[in-house]
1. What FRET efficiency, computed as 1/(1 + (r/R0)^6) with R0 = 41 Å and r the Cβ-Cβ distance, is obtained for A:Lys17 and A:Leu112, rounded to the nearest 0.05?
2. Fully extended, how many nm does the chain gain between B:Lys184 and B:Lys267 (0.36 nm per residue separation, minus their Cα-Cα distance)?
3. How many partner chain Cβ atoms sit within 10 Å of a residue's Cβ in peptide B:25-31, on average, as a whole number?
4. Which of the chymotrypsin sites (Phe, Trp or Tyr not before Pro) across region B:278-327 are loop residues per DSSP, with 10 or fewer other Cβ within 10 Å?
5. Beyond 19 Å between alpha-carbons counts as too far, so tell me which of A:Lys166/A:Lys372; B:Lys41/B:Lys396; B:Lys349/B:Lys382 fall in that bin.
6. Go through region B:396-411 residue by residue and turn each phi into a ³J(HN,Hα) via Karplus (6.51, -1.76, 1.60, θ = phi - 60°); whole Hz please, and just put x for glycine and proline.
7. Just how much of A:Glu312 is accessible, in Å², when a 1.4 Å probe is used and the result is rounded to the nearest 10?
8. Where in region B:299-331 does the amide nitrogen come within less than 16 Å of the point 7 Å from the Cα of B:Lys396, taken along Cα to Cβ?
Amino acid sequence: MSSSTDWHVDLLEIAQKCVYCGYCSLCPTFKELKWETYQPRGILEQIRMYFSEGIKEDEKVEVSKTLFEAIFACTMCKACENICLVDLPLLKVWEQVRQEAFKKGRWSPLLLSLYNKVKTTQNIYGLPAEERLAWAGLAGLNMSKRTKKKASIAYFVGCQASYSGKMGNVAPSVVKILRKTRVNFTILGLDEWCCGSPIFLAGGYSVGKTFAKHNHDKLKELGVKRIVTACSGCYRAFKIGYPRVLGDKWDIEVLHITELADELIKKGKLKLKHAIKEKITFKDPCELVRHCGLVEAPREVIKQIPNVRFEELPSNKHDALCCGGGGLLKLNDSDLVSQVNSHLISEIEYSEAEIVANGCPTCKDTILAGVKKNGLNVEVLDISELIVRAMEGEQ
Amino acid sequence: MTLKKTTRTRFTRYLSKNFRDDYTTLQIYSRDMSDLPKVVKLFVGNLPDGVIQVRNTEDMQKIYEIANETRVPITQRGGGTAGFGGCVPYKKGVVVDTKGLESHFLVDPLELTVTTSPSIVFSDLQRQLNLEGFSLCSYPSSFHSATVGGWIAHGGYGIGSIQYGGANEQITALEVVLPNGERKRYTEFDDISLFVGSHGTLGTITEVVLKIKFDIPLKHQGCTFDSPSEMLKGLEQLSKINPFSIWFLNPDHVTSFNEVFGYNLPKSYVAIVSKEVSFEEEEKEFKNLFNNAIRASGGQILDRRYIKDIWDFRFKGFSLLGECTDYLVTEVILPVETSEKFFRKIISKFKGELHLEGEMISPTHYSLLIYLLFEEKLSEIKKTILNLKLYKITTKKSRAKGFPYSTGLWFSGYYSSIYGKEQYKRYQEFKRKVDPKNISNPGKVISPRIKFFPLVRLKAIVKIASRLII
Ligand SMILES: Cc1cc2nc3c(=O)[nH]c(=O)nc-3n(C[C@H](O)[C@H](O)[C@H](O)COP(=O)(O)OP(=O)(O)OC[C@H]3O[C@@H](n4cnc5c(N)ncnc54)[C@H](O)[C@@H]3O)c2cc1C
Ligand code: SF4
Ligand code: SF4
C-alpha cells in the first residue's frame, strides 16, 4: 500500500547532490528566458537557499518569489531529469515545490481556478458532467450500448477529447478503431472523471488520489482489466500517478492507443490498407516518451501504412523537443509556450512533412497554433485520426 | 563594492528588465561549477552587485562605457561550467551573462566555417551542423552545457583536439568588444590567440567564426595497460596513428564505471582510441595501425563489446560524482614524455580516492582530470587542505613539466606557465592599452591583490599555504 511518503523526496538533500555540470541547460523554457534562476540547477540552488536553516525570513521571501516563478515556468517535459548527470529525480522535486507554493498561497489565480474547477466539476473546463458525452452526439455515434457496459477493456476518453471542439475527431477515431477491430470495450460515460493529471502536475497527490480512487472504483465495477487512452496526460496519470497514490490496488493495464493498435495489427485484426501519399512525421509527446518510455509503438503503427513516407524529426524519441504546452504553462505564460513551440515548428518545417502526427491533445493544440502562426502547410493529426485514415481511406 | 544609486540607474535605464539585482539572482551568479570554500569567500567579492543579460554588441559597448566611467568591474559568464572561477566575480561589480546574445548561425561550405554567437552551447551547434552534414572539429566533454565563448575564453581543449587542436586552432575570426568600448574583428592567429585563455580580461567575445569539418563517422578501438609507464608508452605510439581522440581512465575510475553502469571492464588502465573513417579500407588500416601500436607498447586489446558503451559515457564522467558524498576536482596538462613520475606520485598520495580521466590534446600532451571522491562529507578544513594539496600538485614546477589547464581565478598568475613568457608580455601590453582601469574581469589571469592585505597577491598566499600545509 502506498503512503504519502512514497512520492515525497527530501528536497534539500536532492538539491545538495547537484554537481552543477549545467547539462540541464537544455531546458526549453530556460533557453528562452536565459536567466539562470530558471535553469534546473538554478532552481535547485534556490531550493537549497529556501530550505537552508540559516536563511533569514526576508531572504526566504525573496527566494520564494523567483523560485515559485521558475517552478511554474516549467513544462514538466522531463528533459532535465533525462540528461541529469547524477540522475536526480527532478520531476518529483518540481511537483513538490509546486505544492509548497500552494501551501504558501502562491499559485496564480488562473491555476487556482483550474484546480477548483477540476475539484468541483471533475473536468478541466468547469463544464457540466452531463456534457461529457457530447462528442459522441456531434460525431453521430450512439454510445449508449457501450457506456458502463461490463467489459475487460475500457476506453478512457479524457477531458480534452470529451469537451474540446478542437479535439472533436479524436474520440470518434478511437471508437472507430475499436469497433472495426471488434474489441469488446466500455466507456465510463458520465461517470468518467478527469484523470487528475493537472492535479498531479501541480503536485497535489492527496487530492489527485480522490480522482484516482473514483476512476479506479468505476472501472473495477465494470470488470475492466485494461484501459486504453489517446491522451498522453491521462496515460502518464495512469502509469505514474495512480500507482503512486493507489499502490498495488491499481492493477489495471494501461495502453496508449498506439500500443493497442500495434497489438491489433500484429494479431491481424487491424488492417491499414489505404496508402497515405503525404510525408508523415511523428512528434513524441514528452509524457509518453520521457515520462513513460513509450517509443516504438507509434512508429510500428505508422510503418504499417502502405507506401508510407515517414521522416523522423531531427530531435526525436527521448530527445524530442517539448511543444511548450505541458506542465500547465499555458495557464501561466502563453507567450512562453509559443516561444518554446517555435523550435518544434522549425523542426517540423525542416522535415518537410505534410502530416505531423502525435499522441497528445495538448501537443496537437499547441502544434496547431504554431503551424497556423507560421503559415505552414502541414496537417496536424492525432495518431488515432491517422490510423483511421489508413484504415478507411481519406473520407 | 556596492553599486551607487546613479550607476544602478544608468544600467537599468539602458537595459531595463535585462538588469537584475534581486537577492536570489545575485546569489545564483556568485559561483561556477565549483563553489568557493567559505574561508576563501572572506577574501573574494564573489557576490555581484548586478547581473545583465547582454543582447547585442551595442549593449556590450554601452556596458563597458558605464563600467569605465563608474569603475564598476564586469565579469562575463557563459554556461558557468568551468571550475576555475573565471566567471565568478572577484571584486563584485556586474556579471554579464552572454546567454542573452542574439543567436546566429551561418555555414560557409566552401571555407568550411560557421559563424555563430559565443553564447551557443556546443550540443546545439553540433546538432545544427549535423543537419547540414558538417561537424565541429573539437569540442569539450561539457558538450551539453559549455558555451563556445566560455570555452574559447577559458582556453579549452577537448575531444578531437589531438587531431584538430584546442580552442586556439578552431577559430578563424573573432568579433570582440574591447573594454574601451571599441568593436573589433580579428582574423590573424596572433591576435586571436590573445583572447584564447584570457578569460574575458581583454574584452567580450560577441561573434565567433569556427572551423568545421564534414561529418565523418568515427570508429573506436579500445586497449588496456597494466601500468602507467606502459600506458604512457602506448599513448605515444597511438598518437602517431593520427587519431581523432584518445581518452583514458585509471583502474579506480574503471571500477567505478563498472559499479555504476554494470560493466565488466578489466581493472587496469583503459584507453579508447577513435578515428575518422570514411570507408572500409580505412577502417582496416586503422585496425592494423592500432594493433601494431598496442603491440609496440605492451598493452592488450579490449574486447569490442565494451567499446561502444564506454564511448557513450564520454560526456558522463561526472556522473560518478553522484555516487559519492563529497568530491574535489582539478585538471592539469602534462607532457607524455616526462610525466611518468608525476603519475606514480599522485597515485601513491591519494590511494583509493583518486580517479583519473585523461584526453590527449596534442600528439605530445594530455589533459588529466583529477577527481578525489569521498564516501563521507568533508569538513571545511579538510576540504581546504585537500584543495591546497591539489593546487600544489597542479602548480609545482617539477620534472614532469606540467601546468594548470587554465588560469581563471584559482590559477591566476600562471598565464606564462601555460602560454609562455613571450605571449604573457604581449598579453600585458594589450591589457594596458585596452583596459587601463582593469574593469574587464579583474582578478583573473593576473593574480589579484588580496582584500584586507593589498600588498599580497592571491597567488602568493595560496602558493605558500599549499606548501606549508603539506
Ligand atoms: C562535465 C564537464 C566536462 C568538462 N570537460 C571539459 C573539456 O573537455 N575541456 C575543457 O576545456 N573544459 C571542460 N570543462 C570545463 C568547462 O565546461 C569548459 O571550460 C567550458 O568551455 C566553459 O564554458 P562556459 O560557457 O561554461 O564558460 P564559463 O564557465 O561561463 O566561463 C569561462 C570563462 O570564460 C569567460 N567568458 C565566458 N563567455 C565569454 C565571452 N563571450 N567573452 C569573453 N569571456 C567570456 C568567463 O568570464 C570565464 O572566465 C568541463 C566541465 C564540465 C562540468
Ligand atoms: S521538466 Fe522540462 S521545462 Fe521543466 S525544468 Fe525540466 S527541462 Fe525545464
Ligand atoms: S544536470 Fe543534474 S547535476 Fe547537472 S547541473 Fe543539472 S541538475 Fe545539477
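The values are calculated or read from the model by the stated rules, or taken from the named source; none is laboratory data. The structure presented is a predicted model; accordingly, all values stated were derived computationally and were not measured. Cβ sites come from the backbone with ideal geometry, for glycine too, and all protein chains shown count toward neighbours. Surface accessibility is based on the protein's heavy atoms, side chains included, excluding ligands, DNA and RNA. Shrake-Rupley method; radii C 1.70, N 1.55, O 1.52, S 1.80 Å.
1. Working: r = 32 Å, r/R0 = 0.79.
FRET efficiency, A:Lys17 to A:Leu112: 0.80.
2. Numbers: separation 83, 0.36 × 83 = 29.88 nm, distance 5.21 nm.
Working it through step by step, the gained length comes to 24.7 nm.
3. On the way: counts 7, 1, 10, 12, 4, 1, 2.
That average works out to 5.
4. Details: sites: B:Phe279, B:Phe286, B:Phe290, B:Tyr306, B:Trp311, B:Phe313, B:Phe315, B:Phe318, B:Tyr327; in loops: B:Phe279.
Within region B:278-327, the qualifying chymotrypsin sites (Phe, Trp or Tyr not before Pro) (loop, at most 10 other Cβ atoms within 10 Å) are B:Phe279.
5. Working: A:Lys166/A:Lys372 14 Å; B:Lys41/B:Lys396 24 Å; B:Lys349/B:Lys382 15 Å.
Violating the 19 Å limit, Cα to Cα: B:Lys41/B:Lys396.
6. The phi angles translate into 5, 5, 9, 5, 5, 6, x, 8, x, 5, 7, 8, x, 8, 4, 10 Hz.
7. Accessible area, nearest 10 Å²: 60 Å².
8. The answer is none.
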